Amino acid sequence: MTQKITPLIAGNWKMNGDAGSFLEVEVIKDRLAANEVNAQVVICPPATLLHRVSVALHESAAKTGAQNCHAAPSGAHTGDISVAMVREAGGEYVIVGHSERRESYVESNADVKAKAAAALGGGVVPIICCGESLEIRESGKAIDVVVAQIIASCPDFDQSQEIVVAYEPIWAIGTGKTASSGDVDEMHNAIRAALVERFGDAGAKIKILYGGSVKPANAEELLGVENVNGALVGGASLKADDFWGIISAA
Ligand code: PEP
């Protein structure tokens, strides 16, 4: 069931970053140029910086992505951005269904699936997030809940398209707590089995990222777990040295 998959390390800057952040981007760009790395690197800055970061990373091995998109191609959606806008700004990926958006904007699995389908239709790779609350983890239902969530959030896709899945336990995001490698192993294996059941061979190739307080000190252990095909990194993606530590661990 397991295949050789190039890991993906994606940085989610959330609502952080300004002109000074370009220094960090330049450091990552220079280190990628000077070192051989076994990972695809993606930086997802706030929408206002997406174009500038994409230009800064032009001809670099790193790519950029947005943190959200609307499912509709255009229209009366104040404050939103479409997939075509993401693409025009240079973004090749988009994070959809992050738990912070599921919570703050009451995004349902159906909403997330529609956004992911729109991303695919516009030539952008969706990074589809899922993850359980502490309450669900403690109830012993984490695997059932997360598998149901991810299957309901993933659209169908064809051979020319790619989707990425990110498992992020909500209680581990920005808290400094990480899931144990045993829990991550169990969850990622369950997600892999569900993806294979739903998508067949294509499901065996989907990258499943782990996210939740990943840092240089724990990256090697987490990235070494079977079916962990990369990381979605929040806080530690803001500083080039930390982000580089995670990239090199891959
Ligand atoms: C995230 O928000 O996607 C995330 C994983 O954040 P952090 O790494 O800060 O926990």
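The values are calculated or read from the model by the stated rules, or taken from the named source; none is laboratory data. As the structure is a prediction and not an experimental result, all values here were calculated from the model. Please note: Cβ atoms are built from the backbone with ideal geometry, for glycine as well, and neighbour counts cover all protein chains shown.
Couple of notes before you dig in:
- Any pair with Cβ under 6 angstrom, 6 or more apart, that starts in segment 223-249 at a residue that is within 23 Å of Glu100 (Cα to Cα) and in contact (Cβ under 8 Å) with a residue 40 or more places away in the chain and ends at one that is assigned to a loop (DSSP other than H, G, I, E, B) and more than 9 Å from the ligand (Cβ to nearest atom): Asn229/Ile5; Asn229/Pro7; Gly230/Pro7; Leu238/Asn16
- Candidate set from segment 86-99 (those that are charged (D, E, K, R) and in contact with a helix residue (DSSP H, G or I) (Cβ under 9 Å, 6 or more places away or on another chain)); member that is nearest to the ligand (Cβ to nearest atom): Glu92
- Single residue of Val27, Val53, Val42 found to be surrounded by fewer than 17 Cβ atoms within 10 Å (Cβ to Cβ), among the aliphatic types (A, V, I, L, M) and in contact with a Phe, Trp or Tyr (Cβ under 8 Å, 6 or more places away or on another chain): Val27
- Subset of segment 1-24 (residues that are surrounded by 18 or more Cβ atoms within 10 Å (Cβ to Cβ) and touching a strand residue (DSSP E or B) at 6+ places or on another chain (Cβ under 7 Å)): Pro7, Leu8, Ile9, Ala10, Gly11, Asn12, Trp13
- Test: residue in segment 1-12 that is of a type in the set (D, E, K, R) and in contact (Cβ under 8 Å) with a residue 12 or more places away in the chain: no
- For Ile28, the conditions (1) of a type in the set (A, V, I, L, M); (2) in contact (Cβ under 8 Å) with a residue 60 or more places away in the chain; (3) within 30 Å of Gly203 (Cα to Cα) are fulfilled apart from (3).
- Summed over segment 127-141, residues that are within 16 Å of Asn109 (Cβ to Cβ) and touching a residue at least 24 places away in the same chain (Cβ under 8 Å) total 7.
- Residues that are in contact with a Cys (Cβ under 9 Å, 6 or more places away or on another chain) and crowded, with 24+ Cβ neighbours inside 10 Å do not occur anywhere in segment 169-189.
- One residue from Ala142, Ala152, Ala166 being in contact with a helix residue (DSSP H, G or I) (Cβ under 7 Å, 6 or more places away or on another chain) and closer than 22 Å to Val225 by Cβ: Ala142
- Counted residues, segment 198-224 - those being assigned to a loop (DSSP other than H, G, I, E, B) and away from the ligand (no atom under 16 Å from the Cβ): 3
- Of the listed requirements (1) more than 14 Å from the ligand (Cβ to nearest atom); (2) part of a loop (DSSP other than H, G, I, E, B), Ile150 misses just one: (2).
- Residues that are at negative phi and either touching a Pro at 6+ places or on another chain (Cβ under 9 Å) or at pLDDT below 95 (or both) within segment 211-225 comprise Gly211, Leu223, listed in sequence order.
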